[in-house]
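Here is the structure we will look at.
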Amino acid sequence: MPANFAPTAIDYLRILPEILMIITGTLIMVLEPLIGGNKRNAFTSVTLVGFIAALVAAVAANDYPGLSFSNMLIVDGFATFFRVLVIAVGIFTVLSSSDYLRREHAASAEYYALLLFSVAGQCIMATANELIMIFIGLEISSIATYILAGYLRDDKRNNEAALKYFLLGSFATAFLLYGIAWIYGTTGSTNLGEIRNFLMTGGSARNLTLAGTAAALMFVGFAFKVSAAPFQIWAPDVYQGAPAPVTLFMSAGPKAAAFAVFLRVFITAFGPITNRWEPFVWSSALLTMVIGNFAALLQNNIKRLMAYSSIAHAGYVMVAIAAHNQVGVAAAMFYLAAYACMNVGAFAVITHFSRQGEKYVNVDDLAGLGWKQPVTAALFSIFLLSLIGVPLTGGFFGKFYIFKAALDANLVWLSILGLLNSAVAAYYYLRILVVMYMHEPGESTLTLEPLSPGIRTTLWAAALGTLILGIFPSLLLNFAANSSGLGK
Amino acid sequence: MTLLDLVIFLPLAAFLLILFLPKEHVEGIRRFSLVASLAIFVASLGLIGPYWFGNPGKLAFETDLPWINSPAIRYHVAIDGISLWLVLLTTLLTPLCVLVSWKSVQKRAKEFFAFLLLLEFGLIGVFCAFDLFLFFVFWEVSLVPMYFLIGVWGHERRIYAAVKFFVYTMAGSMLMLVGITYLYNQAGTFDYAKIMAGLQNGSIAPTYQEQLLLFLAFFIAFAIKVPLFPLHTWLPDAHVEAPTAGSVMLASVMLKMGTYGLLRFCVPMFPVAARNCSGWIVTLAIIGIIYGALVAMVQPNMKKLVAYSSVSHLGFVVLGIFSFTQQGFDGAVYQMLNHGVSTGALFIMVGFLYERRHSLEIDAYGGVATPTPRLATAFMITMLASIGLPMLNNFVGEFLVLQGTALVNFKWAVFAAIGVILSACYMLWLYQRVFFGKASAEVSALKDLDLREYAICVPLIILMVWMGTFTQSFIPSISTSTAVILGPVDAKRDVHVHNGLPAALRAQRSLSLAKEQVDAR
């Protein structure tokens, strides 16, 4: 059947968020040389406007679900969910970055442009229905993120982070691309639905083996992006080295988008060969949780600690993928939203606290924060309790829902080991609480300035999100459950 | 909205209100906390109504509202004769704890009282929740304020103790969460009553192996909280390092979460597994009774002594529950309340001594009775109650537990009774070393009880006498509720557990068992 190459208006509406962000980003890059140094704050506002417009467009596009651009993109609840999520993360990154950049004397427009491009790439990942589109989205997102990780170019740690991220990231992407080539060779298609149909019907034993190999290669690429073991080595160094607001962004946005494609590819396209990949995801999930949680116990640098924590949390989401049922997909979606809330909040506090040159990034530096800035500390506590998984926070409900899905899929041991892992995790999060509330304020805390408006907004919004997801999870859960039917 | 909802949510409202009070007005915050907690107590007294003046036994003040649609989680709260008294214990002790901390907590008073009220919210919720998920939520919520109470306002090793307390409990509750979720996947509901009904009529039928694992998942979580030997090691640390109010709430109420959980969930939901494990559990309980008492005896630190005495006393409660007899159950519940009142009072009075002398070491005292005769009297009554002197509360509970145990296995009762004797040894010896003898110069300067301290001690002492003499006020409501729990447990009885029964009883039971088997065919 000849494809229809002329896109219709509705096709454009469906990718309006991406269009808006790319236009805003390009506009900013063009305008930067024209606008004088003292008016550069305007870029923050322009970026925010761009993001908010994209957010509105993403929500609006949900009313026009369907395939577009010759089945290359798909707008469904799942795509909308992740588009809204990554755009929201983008907004909060902007809010948390502006003061940081000013503090580091690095406020320039390209930061915002890169951010917009990266989020646009993530939106493409969320809507992609085809392996090449996934690859393009992933690259747009990743390349912008590589640059952001090394954004303060005179800083040694930034350079290290960017280089490490770039080299290892490219290597992992190569695996992904190789996997795509295999699957194209085997099934003759890069469309997820067609791959699924091929594997369900026309799969000879040899074809299935080839598809399994392709799945393994793609698993390497995705596992790297979500920092799942054994491909998590880069995460601590990059998270620690990158500027704090960029770490905020990386730990929430690209990760959520990577999980979105991970879920879509493995549940939709590789759904028929679940029995081949499930053991690998199972082991990877367990290994990720164990490595993340146990390594985090030993960290003093709070960014590094949060990096290991982020690895551990990737492990929990992997549990949901290992469950490979509809509840699992919904659980992963809910968890990523809750995780974005709490992690954005936690990193906003770290950004606020670190001061110029990221001088104060050790856990012990937070001593007595609870008594110097009670509100900041109280909000931080909410994020930490949510990361621990204490009820009435989003983190708890997300975790509960994930392990419920795992038990549905009879992964009893994975659930038990995973939940015991989260008891281990309690220890290192508690350490931060201990330092904040049970140590006397030190020099680092006493010299702390009040919260900037941008960070304050981020903190309150994130805290509100964390609590709402914990107390009234149905609001989001129903949407997630209705959009989790991948591959149907 | 019932009175019970009010009692549950008033502490939360008070907690939120305190957060908005300016932290400089310490006096105002204290008064507000006292008034709020007293108001909650008065409101909670209304819960007794149906049990004293009506038909006890069935659930009262029931509210059942949907909270989350899928998975179906409901806000289902109610009380029965067991919950009622535990709720009252909580609401009674909270204002007393506010009073206890009136002077001793000067630093960060706002946060202290706020956490105390948040703790009350969690604890009341635990005892009223009839939805497994809701129960778990309250169970975990109560953990956070207690962690802060120990960690911020505790003594020297407070941080170690707080973290240990949190991680221990968390590890246990994660297993429970697996259990709850697994059960949900089989039953399709978290509702306690529906699960119980389903388990009894066979519409929820886990295999024996599943039952055993589920039982253990719940049991370990509760056993850590109780704490049952050998999972008790967090307790001495937490009790000793906590501020007085923290120790009181921890010992009097929080430990009861564990025994309450055993009685409410563990035993009735998985009766066969509970029966088959009971030999081991009773052994551990008896070891705990004797070990706790022996270790208490050699403690140089008063708080540690009281803490280990808790291990011993809670062993009785577990013993009572796993005797699977009416008397054992009643005694266990009664003993939970007794321990709450008398050990709470002991911690409070040790706190009084600490405020005066700034030491918890027994060696620092001696002859305290000379300067403070009233404190000495109050302490003596409490101590005698704790030993189990007739006419005081603990006697009744211990007697019922021993009676229930003796019906099942006389040897168990004999071993457990050793614990009672030992408790007399360590308590009397403590009293002798602290209050008798020649008062040193520092001790002679100690002041006697003031009005505030009277207000704390007198209600507890009245209660000790009341519970020791007028058991009719409490036991009937407890009995009817424990009988409901015992019903399904008794129906699933198993032969080999009863080897220790007196011959006549054994014959009777095996007869009825044989009949049952015939019926089953």
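Size of the protein assembly as shown: Rg and Dmax of its alpha carbons, in Å, are 31.0, 106.
For segment B:205-331, the square roots of the Cα gyration tensor eigenvalues, ordered a ≥ b ≥ c, give a/c of at least 1.5 with a/b greater than b/c, which places it in the prolate category. Normalised by 2.2 N^0.38 Å, with N the number of residues, the alpha-carbon radius of gyration of segment A:349-429 equals 1.39.
Oblate is the label for segment B:413-454. Its Cα gyration tensor axes, ordered a ≥ b ≥ c, give a/c of at least 1.5 and b/c at or above a/b. Along segment B:2-18 the Karplus relation, 6.51 cos²θ - 1.76 cosθ + 1.60 evaluated at θ = phi - 60°, assigns HN-Hα couplings of 9, 4, 5, 4, 4, 5, 6, 8, 4, x, 5, 4, 5, 4, 5, 4, 4 Hz to successive residues, with x for each Gly and Pro. Measuring spread by the Cα atoms of segment B:349-477 yields a radius of gyration and Dmax of 17.2, 54 Å. Counting Lys and Arg as +1 and Asp and Glu as -1 over every other residue whose Cβ lies under 14 Å from the Cβ of A:Ile388, the net charge comes to +1. For segment A:117-260, the C-alpha radius of gyration sits at 1.12 times the compact-globule guess of 2.2 N^0.38 Å, with N the residue count.
Note on A:Thr26/B:Ala455: beta-carbon distance plugged into 1/(1 + (r/R0)^6) with R0 of 51 Å gives a FRET efficiency of 0.10. Size descriptors for segment A:218-374, from the alpha-carbon set: Rg then Dmax equal 16.4, 56 Å.
Pairs from the table (A:Lys359/B:Lys23; B:Lys110/B:Lys447; A:Lys164/A:Lys303; B:Lys58/B:Lys194) lying more than 19 angstrom apart at Cα are A:Lys359/B:Lys23; B:Lys110/B:Lys447. Could you compute how fast segment A:410-488 diffuses translationally, taking Rh as the Kirkwood radius over C-alpha pairs and applying Stokes-Einstein at 37 °C with viscosity 0.692 mPa s? Give it in µm² per second. Answer from the Stokes-Einstein relation: 193 µm²/s.
Listed by chain and number, the lysines whose C-alpha is less than 30 Å from the C-alpha of B:Lys411, apart from same-chain residues fewer than 8 away, are B:Lys225, B:Lys256, B:Lys304, B:Lys492, B:Lys515. For A:Ala216 and A:Asn410, a Förster radius of 22 Å and the Cβ-Cβ distance give a FRET efficiency of 0.40, rounded to the nearest 0.05. Relative contact order of chain A: 15 percent, from C-alpha pairs under 8 Å at least 6 residues apart in sequence. Computed extension length for B:Phe9-B:Phe436: 149.1 nm, one decimal, from 0.36 nm per residue of separation with the Cα-Cα distance subtracted. Convex hull of alpha carbon positions in segment A:332-377: directionally averaged projected area 3.9 nm². Per residue, the Cα convex hull of chain A amounts to 127 Å³. Going by the alpha-carbon gyration tensor, a ≥ b ≥ c the square roots of its eigenvalues, is segment A:6-87 rounded (a/c under 1.5) or, if a/c is not under 1.5, prolate (a/b greater than b/c) versus oblate? Taking the square roots of the gyration eigenvalues as a ≥ b ≥ c, segment A:6-87 is prolate.
Pair-distance distribution P(r) for segment A:263-313, from all Cα-Cα distances in 5 Å bins starting at 0: 5, 21, 20, 14, 13, 12, 9, 5, 1 percent.
At 20 °C and 1.002 mPa s, what whole-number value in µm²/s does Stokes-Einstein give for the translational diffusion of segment A:58-159, with Rh from the Kirkwood sum over Cα pairs? The diffusion coefficient I find is 146 µm²/s. Kirkwood radius and radius of gyration were both taken over the C-alpha atoms of chain B, and their ratio Rg/Rh is 0.97.
Here, segment B:95-159 is characterised by an Rg to Rh ratio of 1.05, where Rg is the alpha-carbon radius of gyration and Rh the Kirkwood radius. Counting only residues at least eight positions apart within a chain, or on another chain, the lysines with an alpha carbon under 20 Å from that of A:Lys399 are A:Lys255. Shape descriptor for segment B:27-107: Rg over Rh equals 1.12 (Cα atoms; Rh from the Kirkwood inverse mean 1/r).
Counting only other residues whose beta carbon sits under 15 Å from that of B:Trp234, what net charge do I get with K and R as +1, D and E as -1? Neighbour charge sum, excluding B:Trp234 itself: +4. Over chain A, DSSP H runs of length four or greater, each weighted -39,500 (n - 2.57), average out per residue to a 222 nm ellipticity of -25000 deg cm²/dmol.
Histogrammed with a bin width of 10 Å, the alpha carbon distances of segment B:142-243 distribute as 15, 36, 24, 17, 7, 0 percent, first bin at zero. With N the number of residues in segment A:184-253, Rg(Cα) / (2.2 N^0.38 Å) evaluates to 1.56. Using only the C-alpha atoms, the convex hull of segment B:60-208 corresponds to 132 Å³ per residue.
Given R0 = 22 Å, the distance between the Cβ atoms of B:Ala445 and B:Trp466 translates into a calculated FRET efficiency of 0.05.
Note on A:Lys404: aspartates and glutamates with a C-alpha under 20 Å away, same-chain residues under 8 apart excluded, are A:Glu278, B:Asp131, B:Glu140, B:Asp191, B:Glu210.
We did not get these values from a lab; they are worked out from the coordinates using the rules stated. Because the structure is a prediction, the values reported are computed rather than measured. Using ideal geometry, Cβ is built from the backbone for each residue, glycine included, and neighbour counts are taken over all protein chains shown.
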